[in-house]
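Undergrad: There's a structure below that I have some questions on.
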Amino acid sequence: MSKKIINLLSLLLIVSGFAQTNLQWQGYFSYNKISDISEGQDKIYASSENAIFSKNLVTNDITTTTSIDGLKAETITAIHYSETFNKTLVGNSNGLLLILNPDGKIIFKNGIVVEVPVSPFLKKINHFLEFNGKVYLSCDYGISVFDLTTMEFGDTYFIGNSGQQVKVYQTTILNNEIFAVTDINGIKKAALSNPNLVDFSQWQVFDGGFWSGITTIQNILVGMNTNGRLYKNNGTFFEEFFILNQGGIDIRTSNEMVSVTTQSNVHIFNPALQLVVTINNSQYTPTPVTFSCASVIDDVIYIGTNETGLLVSNLSAPTNFQSIKPDGPDRNNIFRIKQTSNTLWATYGGYSITYDPSLLEEGISKYSRQNGWSKIPFTDLFGATSLSDIVVNPKNENEVYVCSFHNGLLKIKDDAITFYNQNTAPPNGPENQQLVTPAYISVRINGPAFDSSGNLWMTNAYVFKALKTLKPDNTWQSVNDWPNQLASANEERYSKIAIDRNNTKWVPTYRGNGLVAFNENYANKFIKIKTGTDGNLPSNDVRTVAIDNKNQVWIGTARGLRFIPSADSFVSETEIQSKPIIILEDDLAQELFFEQFIMEIVVDGANRKWVSIAESGVYLISPNGQETIYQFTKDNSPLPSNNVNDIEIDSVTGEVFFATDKGLVSFKGTATRPSEDLSNVYAYPNPVRPGFSGTVKISGLTNKAVVKITDIEGNLVHETTSEGGTIEWDTTAFGKYKVATGVYMILVSAEDGIDTIVKKVMIVR
């Protein structure tokens with residue numbers, strides 16, 4: 001691939017994270033699932049899966065920190081706010097420690113990730129304990145010490161009975177001794193004054209039982225064992241004082257109260273360990289919830305849930321609950337998205353890499369800039385799970401269809417929902433497959449696409465008549481020749497259908513049939529494009545297909561990329577050969593995306609291709625594939641994950657949405673459709689203020705419009721021709737130097753030279 005990758009974020013990347021003002025990226029994260037909470041003097045901090053938020057208890061303002069701000073979390077497992085040092089510590093499942101300074105700077109500490117000599121699967125940070133300027137990190141291998149003064153890691157303690165690694169759930173300190181709850185060696189303790197705590201023999205077994213948590217209140221040790229019982233230590237031994245109704249999840253001391261959390265209850269005890277109140281999850285009635293943690297500040301209790309963020313109530317009368325969370329989708333792992341003129345639709349679950357349905361019982365999320373996020377609950381979806389794809393009727397965007405890869409098809413028109421399955425849509429509608437192991441009916445609908453006549457085409461996996469049509473008159477039709485054209489047709493599975501301007505359907509398959517092209521208007525003509533002499537594909541496992549603006553067919557497979565120069569060849573040919581894209585890399589001819597697992601290809605308004613590669617992020621390549629314009633990964637951009645499940649483009653604004661398995665983000669680029677004329681040309685941002693490090697976008701252009709930018713005296717500083725509806729200017733004079741403060745003229749003329757317009761942009765250095 002081209003070595004010169006244009007990455008607008010390279011100037012923003014600093015050792016400690018990204019600049020806080022990143023106008024090109026936007027995050028849409030879920031804050032429903034709370035992993036931990038921590039309290040400050042006037043704030044409550046909460047962590048979700050890979051983002052954090054805080055609420056100012058005086059002003060009630062809520063602030064978020066995400067990958068857009070440089071918080072490149074893996075999966076957040078613990079959080080701690082240090083009042084003394086005014087820093088927030090964020091622990092991750094892979095051992096990464098992130099530290100947020102009050103100025104917004106984010107510091108990455110990789111000591112555990114890089115230096116601790118244990119399996120990478122045993123580096124999870126479970127708990128933070130701060131004492132005398134040091135933080136003791138309870139991890140899956142033992143304890144690591146971090147010094148908040150020097151901002152460096154210190155010693156690591158492997159405290160197993162023979163010096164081996166042992167999982168530590170939690171620590172606490174009493175009388176200058178540290179107590180550590182382990183998974184197999186009970187509670188171990190050591191004197192903090194001992195300078196040789198790296199020696200496992202200096203750690204004594206305090207209690208050999210099976211414990212899951214420990215805390216201290218007024219010089220009393222309080223322990224929670226794995227059988228759901230609470231004990232207090234009387235100085236000689238532990239004595240039971242409370243029995244939980246189920247296994248405990250979290251125990252902590254805050255505001256001179258002990259909070260004990262189970263999945264269903266939060267129990268609050270006073271300093272004498274007398275029960276003050278028990279809060280049951282059934283007391284919150286808007287939606288079923290389960291608890292993850294809890295903390296008390298003054299007379300207010302904050303409860304982390306797995307479904308609806310933080311629940312807040314008065315400790316003295318915990319009957320009315322308020323849900324606190326930033327606006328966002330229900331989940332971070334979004335499977336498919338679809339954009340209309342004013343709404344972004346999102347579904348979850350779908351299917352696995354081998355097309356096994358997730359069976360996730362989840363609703364449908366919708367986002368609009370006017371109203372934020374809303375939801376169609378699962379209870380309104382007729383039991384449809386594994387929602388795998390979305391399509392909008394191009395003639396009526398209020399009519400949306402959602403596929404279920406286990407139950408059938410949903411039609412959502414305004415507020416009415418219609419459900420089609422093997423019982424409600426005969427004849428020729430969705431069919432079921434009675435699977436032998438386990439024995440259940442699975443109606444696997446996928447890949448919907450509308451043709452120019454308003455017919456909705458889709459696939460039905462595991463049945464012979466797999467290609468189906470829902471017509472505008474609400475009747476169904478199946479392609480009867482399908483089983484005769486495909487090997488093992490009743491075992492085949494399919495991805496998204498693409499339909500070209502001739503109404504040819506290009507259908508990706510999974511089990512050996514490659515890419516199937518079909519057109520009912522040419523006597524039900526079939527052509528299969530496969531590996532070898534049957535089509536030159538690198539793999540018969542085709543994952544995605546896209547038709548570009550020049551009617552070329554771009555094919556993504558499990559082992560690379562191919563393209564067909566013209567979709568029109570289907571009409572005249574009986575066989576079709578695909579071609580690789582050959583590029584020069586280090587002066588050597590290479591195949592573009594050789595042996596790469598391609599998950600998605602989307603064409604933007606400038607005929608460029610956005611390509612998602614499994615575990616490698618997303619690329620933007622030029623219309624002919626010869627130039628890499630961007631490569632976004634988790635390391636060099638705000639992408640929260642390198643697995644991009646879906647890509648969607650707002651062709652009006654140019655915003656490109658990336659749905660990943662760890663959150664939804666968007667990039668504001670130049671992916672807009674060309675305009676019919678130049679009447680709506682505009683530049684943004686305008687003015688360009690000091691410190692801005694992105695590019696100026698000039699939008700509303702016709703295709704192949706000539707754009708010239710001059711200073712106020714008429715000196716030319718930039719010139720280009722548009723491909724699509726938007727161009728970028730890096731505010732330099734032909735890439736040599738940044739232009740000075742001043743007003744710059746934007747002179748635009750259409751390709752024919754007849755339509756022209758002049759705009760201005762102000763640059764302030």
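The values are calculated or read from the model by the stated rules, or taken from the named source; none is laboratory data. If you're wondering where the values come from, they're calculated on a predicted model, not measured in any experiment. Using ideal geometry, Cβ is built from the backbone for each residue, glycine included, and neighbour counts are taken over all protein chains shown. The protein model used for the area step is the full one, side chains on, heavy atoms only, and it has no ligands, DNA or RNA in it. Shrake-Rupley method; radii C 1.70, N 1.55, O 1.52, S 1.80 Å.
Undergrad: Which numbered condition trips up Val276, out of (1) open to solvent by less than 50 Å² (accessible area, probe 1.4 Å); (2) more than 22 Å from Ala78 (Cβ to Cβ)?
TA: Only one criterion in (1) open to solvent by less than 50 Å² (accessible area, probe 1.4 Å); (2) more than 22 Å from Ala78 (Cβ to Cβ) is unmet by Val276, namely (1).
Undergrad: Identify, from the list Ser386, Ser352, the residue that is of a type in the set (Ser, Thr, Tyr) and in contact with a strand residue (DSSP E or B) (Cβ under 7 Å, 6 or more places away or on another chain).
TA: Working: Ser352 fails: in contact with a strand residue (DSSP E or B) (Cβ under 7 Å, 6 or more places away or on another chain).
After ruling out the rest, the residue left standing is Ser386.
Undergrad: What's the number of the only condition in (1) at pLDDT 90 or above; (2) within 19 Å of Ala606 (Cα to Cα); (3) not in a loop (DSSP other than H, G, I, E, B) that His718 fails to meet?
TA: (2)
Undergrad: Restricting to the stretch 33-74, give me the number of residues that are within 22 Å of Thr660 (Cβ to Cβ), open to solvent by 10 Å² or more (accessible area, probe 1.4 Å), in a loop (DSSP other than H, G, I, E, B) and free of Cβ contacts under 8 Å to residues at least 60 places away in the same chain.
TA: Total meeting the criteria: 1.
Undergrad: Checking Leu311 against (1) open to solvent by 10 Å² or more (accessible area, probe 1.4 Å); (2) of a type in the set (A, V, I, L, M); (3) free of Cβ contacts under 8 Å to residues at least 60 places away in the same chain; (4) part of a strand (DSSP E or B), only one condition comes out false. Which one?
TA: All conditions are met except number (1).
Undergrad: Is it fair to say Asp389 is among the charged types (D, E, K, R), open to solvent by less than 60 Å² (accessible area, probe 1.4 Å) and touching a Phe, Trp or Tyr at 6+ places or on another chain (Cβ under 8 Å)?
TA: So Asp389 does not fit the description; no.
Undergrad: Taking the condition surrounded by fewer than 19 Cβ atoms within 10 Å (Cβ to Cβ), touching a residue at least 40 places away in the same chain (Cβ under 8 Å), part of a loop (DSSP other than H, G, I, E, B) and in contact with a Phe, Trp or Tyr (Cβ under 7 Å, 6 or more places away or on another chain), does Asn503 pass? First the steps, then the outcome.
TA: On the way: surrounded by fewer than 19 Cβ atoms within 10 Å (Cβ to Cβ): yes; touching a residue at least 40 places away in the same chain (Cβ under 8 Å): yes; part of a loop (DSSP other than H, G, I, E, B): yes; in contact with a Phe, Trp or Tyr (Cβ under 7 Å, 6 or more places away or on another chain): no.
So Asn503 does not fit the description; no.
Undergrad: Are there any pairs with C-beta distances below 8 angstrom linking a residue in the stretch 108-121 that is closer than 14 Å to Phe153 by Cα to a residue that is among the basic types (Lys, Arg) and open to solvent by less than 70 Å² (accessible area, probe 1.4 Å), with the two at least 6 apart or on different chains, and if so which?
TA: Close Cβ pairs satisfying both conditions: Phe108/Lys72; Ile112/Lys123; Val113/Lys123; Val116/Lys123.
Undergrad: Give me a count of the residues in the stretch 524-547 that are assigned to a loop (DSSP other than H, G, I, E, B) and within 23 Å of Lys465 (Cβ to Cβ). So that I can check it myself, show each step before the final result.
TA: Taking the stretch 524-547 as the starting set, the residues that turn out to be assigned to a loop (DSSP other than H, G, I, E, B) are 524, 530, 535-536, 538-541.
Still in the list and also within 23 Å of Lys465 (Cβ to Cβ): 524, 530, 540-541.
Count: 4.
Undergrad: If I ask for residues that are touching an Asp or Glu at 6+ places or on another chain (Cβ under 9 Å) and of a type in the set (A, V, I, L, M), which ones from the stretch 389-447 would you list?
TA: Val392, Val402, Ile412, Ile417, Val443, Ile445
Undergrad: Considering (1) closer than 23 Å to Gln433 by Cβ; (2) touching a residue at least 60 places away in the same chain (Cβ under 8 Å), say which one Asn333 fails and leave the rest.
TA: Status for Asn333: all satisfied but (1).
Undergrad: I would also like to ask the following. What is the number of the single condition among (1) surrounded by fewer than 19 Cβ atoms within 10 Å (Cβ to Cβ); (2) within 15 Å of Val516 (Cα to Cα) that Ala461 does not meet?
TA: It is condition (1) that Ala461 fails.
Undergrad: If you go through the stretch 593-604, how many residues are on the phi < 0 side of the Ramachandran plot, part of a loop (DSSP other than H, G, I, E, B) and buried (at least 23 other Cβ atoms within 10 Å of the Cβ)? Lay out the reasoning, then the answer.
TA: Keep residues of the stretch 593-604 that are on the phi < 0 side of the Ramachandran plot, which gives 594, 596-604.
Narrowing the set further to residues that are part of a loop (DSSP other than H, G, I, E, B) leaves 594, 596-597, 604.
In the following step, the residues that additionally are buried (at least 23 other Cβ atoms within 10 Å of the Cβ) were identified as 604.
Residues flagged as on the phi < 0 side of the Ramachandran plot, part of a loop (DSSP other than H, G, I, E, B) and buried (at least 23 other Cβ atoms within 10 Å of the Cβ) within the stretch 593-604 amount to 1.
Undergrad: Checking Asn306 against (1) buried (at least 18 other Cβ atoms within 10 Å of the Cβ); (2) touching a Lys or Arg at 6+ places or on another chain (Cβ under 6 Å), which single condition isn't satisfied?
TA: (1)
Undergrad: While we're on this one: List the number of the failed condition for Ala78; all other conditions in (1) open to solvent by 10 Å² or more (accessible area, probe 1.4 Å); (2) touching a His at 6+ places or on another chain (Cβ under 7 Å) hold.
TA: Unmet condition: (1).
Undergrad: Looking only at the stretch 662-697, which residues are open to solvent by 40 Å² or more (accessible area, probe 1.4 Å), closer than 14 Å to Trp25 by Cα and either free of Cβ contacts under 8 Å to residues at least 12 places away in the same chain or assigned to a loop (DSSP other than H, G, I, E, B) (or both)?
TA: Matches in the stretch 662-697: Phe692, Ser693.
Undergrad: Within the stretch 630-650, restricting attention to residues that are farther than 19 Å from Asp330 by Cα and open to solvent by less than 30 Å² (accessible area, probe 1.4 Å), which residue is nearest to the chain's Cα centre (by Cα)?
TA: Pro638
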